[in-house]
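A short worksheet on the structure shown next.
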Amino acid sequence: MKRSPVTLALRWSGRVLVAAILLFVLLPGVVVAISAFNDRAILQFPPQSWSLRWFYRAFSYADFAKGFWNGLTVTVWASSIAVVVGSAFAFAIHRYKFALRDFLEGILLSPLVIPHYTVGLGILILASQTGIERGFPLVIFAHVVMVLPFVMRSTYISLENLDTRLELAASSLGATPLRILFTVTIPLLIPGLLSGWLFAAILSFNEFTATLFVSSQATQTLPVAMYNYVREFADPTLAALSVIYIVVTATLLTIANSFLGLGKILNVDAH
Amino acid sequence: MNTRPFLGWFVSPAGLVAVGLIAAMLAVFQYSVRAYIPGTLEVGGFTWANFEAMLRPLYALAFWNTVLICFETAVFTLLLAYPLAFALTRTNSTALRSFILIVSVTPLFLGEVVRTYSWMIVLGNNGFLNTLLLKLGLVERPLRMMFTSGGVIAALVHVTMPIMVIMLAAALSHIDRNYEKAAESLGAGPIRIFMTITLPLSMPGIVAGFSTAFAWTFSAFATPQLIGGGRVATVSTLIYQLGFSSFNFPFAASLSIIGLALSLAVIALLKKAASPLERMAGTT
């Protein structure tokens with residue numbers, strides 16, 4: 001097909017524009033990576049000398065290690081609970097009509113638009129009124145509430161793509177509903193459930209605003225520990241930790257992309 | 001035969017979570033109309049004083065600031081995310097697709113603290129941008145970018161980009177390309193095709209992305225707190241100060257109620273403003 005000069009000009013300016021925007025997205029990550037290897041305690045560009053000392057400090061700082069394990073505990077519990085609760089509910093709203101269906105759905109999706117500080121403050125006040133301790137169950141509950149919409153969405157999309165004829169076939173061969181659920185439906189939903197769990201886990205591990213309200217000194221997660229660190233110190237330790245964070249996250253996403261197809265999970269693939 | 005097997009088993013756990021969430025929201029409502037007793041965590045009797053106090057210029061200004069910051073952030077995010085989403089859905093190269101997808105989605109999973117911290121290094125007085133500008137001789141003294149609402153907005157745009165790209169790309173990938181091909185065969189130029197077909201058809205994605213960006217920004221705390229450094233007052237930073245510096249939970253609760261109402265109102269307004277466009281695009 002012949003291309004007019006206008007089309008060509010648009011095409012090239014479009015490429016330049018996209019490259020510039022990608023640069024904007026990448027810039028902070030690159031700058032952080034450079035400053036993480038800066039030898040001096042003061043942030044400075046470009047660094048005069050290089051060292052790995054901030055990486056050592058990031059690993060040896062006790063609050064970070066504690067925050068990491070706290071965060072992992074909260075994340076594993078919260079995303080696992082959310083997957084069980086959220087996908088069961090998504091199954092129910094996909095298949096059945098029942099009393100309060102739309103109401104419940106609206107309530108459970110509302111954390112997408114309710115500011116996180118409102119959720120955090122609410123759970124904090126509720127705990128202090130009912131005398132519930134500010135322990136792990138409280139933080140886990142807050143996280144379940146906040147990741148549930150994402151898990152519900154992921155399972156719902158998988159259910160839309162599920163071939164119900166397979167269930168009908170099992171049923172016509174005399175399988176009980178319980179057997180169909182465990183031998184047909186759940187195995188077919190596994191990719192959706194896994195990607196829902198992964199999404200929930202990553203979001204939970206990084207949740208900050210609500211966690212700041214509901215956690216205590218004993219239950220603070222890594223993002224809260226990092227926030228407290230920035231307020232106290234100005235050295236590049238946090239830059240080193242950020243580099244580790246970025247590398248781990250990008251690696252996980254690249255793996256998820258090649259195994260599960262990120263485009264499919266995010267529903268951005270052309271049909 | 002039971003036509004709805006396991007219904008109770010599947011709905012009750014979700015119902016329990018919903019009850020907990022409703023109880024938490026009711027607790028906020030309840031506290032917002034209680035009197036604050038300085039020095040204790042106990043609350044006094046019923047009062048409207050918290051809501052009346054919000055009419056004071058300090059708090060009214062914070063609300064106005066927050067809405068303005070959210071609006072500007074959403075506009076800039078839309079302008080930057082649209083070309084990325086467009087390239088993501090239209091490129092034929094798998095490698096480029098994966099690259100754009102990973103680059104634009106990774107920040108979503110980094111959390112607000114890491115992303116805010118990286119912007120502090122970019123915007124600081126000895127930071128990357130100022131060093132660059134000084135070296136190029138474009139400025140004589142470092143520009144003040146930290147502790148300004150401009151700096152807060154730049155970082156917030158970066159924070160909300162991924163979700164906007166995802167929502168726009170979802171909308172763009174579902175557009176039937178035959179409409180564009182038909183227009184092209186009838187002699188329409190690329191700009192006309194974009195303005196009259198692609199853009200209107202992607203409207204649902206624009207509205208969804210814009211309102212999500214707005215809601216997220218409204219909810220953001222680490223970015224205005226750390227980059228604003230107390231000099232850019234937003235609803236979220238005020239709530240934190242009131243809650244954890246002066247333990248005035250009743251006032252913090254009433255601020256978050258108004259914050260919640262305001263963000264819901266803006267989102268509803270956006271949906272309403274866009275609905276004629278969505279009808280035009282043939283979706284609801």
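Of note:
- Residues of region B:86-98 that are facing chain A (nearest Cβ under 8 Å) and under 15 Å from A:LEU23 (Cα atoms): B:ALA87 alone.
- Considering region B:8-127, the qualifying helices (runs of 4 or more DSSP H), each wholly inside and each with 3 or more residues that are more than 23 Å from A:VAL247 (Cβ to Cβ), run over B:49-53, B:57-90.
- Sole residue being more than 8 Å from chain B (Cβ to nearest Cβ) and touching a residue at least 60 places away in the same chain (Cβ under 8 Å), chosen from A:VAL16, A:VAL74: A:VAL74
- Meets criteria (closer than 30 Å to A:LEU52 by Cα and more than 10 Å from every other protein chain (Cβ to nearest Cβ)) for A:GLU232: yes
- The residues of region A:50-74 that are within 18 Å of A:PRO236 (Cα to Cα) and assigned to a helix (DSSP H, G or I), listed by number, are A:ARG53, A:TRP54, A:PHE55, A:TYR56, A:ARG57, A:ALA58, A:PHE59, A:SER60, A:ALA62, A:ASP63, A:PHE64, A:ALA65.
- Those residues of region B:28-62 which are within 25 Å of the chain's Cα centre (by Cα) and within 13 Å of chain A (Cβ to nearest Cβ), in sequence order: B:VAL28, B:PHE29, B:SER32
Residues checked against (1) in contact with a helix residue (DSSP H, G or I) (Cβ under 8 Å, 6 or more places away or on another chain); (2) more than 9 Å from every other protein chain (Cβ to nearest Cβ); (3) of a type in the set (Lys, Arg):
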{"position": "B:LEU136", "(1), (2), (3)": "no, yes, no"}
{"position": "B:LYS181", "(1), (2), (3)": "no, yes, yes"}
{"position": "B:SER202", "(1), (2), (3)": "yes, yes, no"}
{"position": "B:GLY205", "(1), (2), (3)": "yes, yes, no"}
{"position": "B:ALA213", "(1), (2), (3)": "yes, yes, no"}
{"position": "B:SER219", "(1), (2), (3)": "yes, no, no"}
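- Condition broken by B:VAL122, with the remaining ones in (1) at the interface with chain A (Cβ under 8 Å from one of its Cβ atoms); (2) of a type outside the set (Lys, Arg); (3) farther than 30 Å from A:LEU222 by Cα satisfied: (3)
- Residue in region A:36-53 that is at pLDDT below 90 and either within 30 Å of A:VAL144 (Cβ to Cβ) or within 22 Å of the chain's Cα centre (by Cα) (or both) present: no
- Test for A:ILE132: is it hydrophobic (A, V, I, L, M, F, W, C) and in contact with an Asp or Glu (Cβ under 7 Å, 6 or more places away or on another chain): no
- Restricting attention to region A:242-254, the residues that are more than 9 Å from chain B (Cβ to nearest Cβ) and either within 15 Å of the chain's Cα centre (by Cα) or not in a helix (DSSP H, G or I) (or both) total 2.
Condition check ((1) within 23 Å of the chain's Cα centre (by Cα); (2) under 17 Å from A:ALA210 (Cα atoms); (3) buried (at least 18 other Cβ atoms within 10 Å of the Cβ); (4) at the interface with chain B (Cβ under 9 Å from one of its Cβ atoms)) across all residues:
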| site | (1), (2), (3), (4) |
| --- | --- |
| A:LEU100 | no, no, no, yes |
| A:THR130 | no, no, no, yes |
| A:ASP163 | no, no, no, no |
| A:PRO177 | no, no, no, yes |
| A:PHE182 | no, no, no, no |
| A:LEU193 | yes, no, yes, no |
| A:TRP197 | yes, no, yes, no |
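- Failed criterion for B:SER263 (all others in (1) within 26 Å of B:SER104 (Cα to Cα); (2) modelled with pLDDT of 85 or more hold): (2)
The values are calculated or read from the model by the stated rules, or taken from the named source; none is laboratory data. Remember, predicted model here, so these are calculated numbers, not experimental data. FYI the Cβ positions are ideal-geometry reconstructions off the backbone, even for glycines, and counts take in every protein chain you see.
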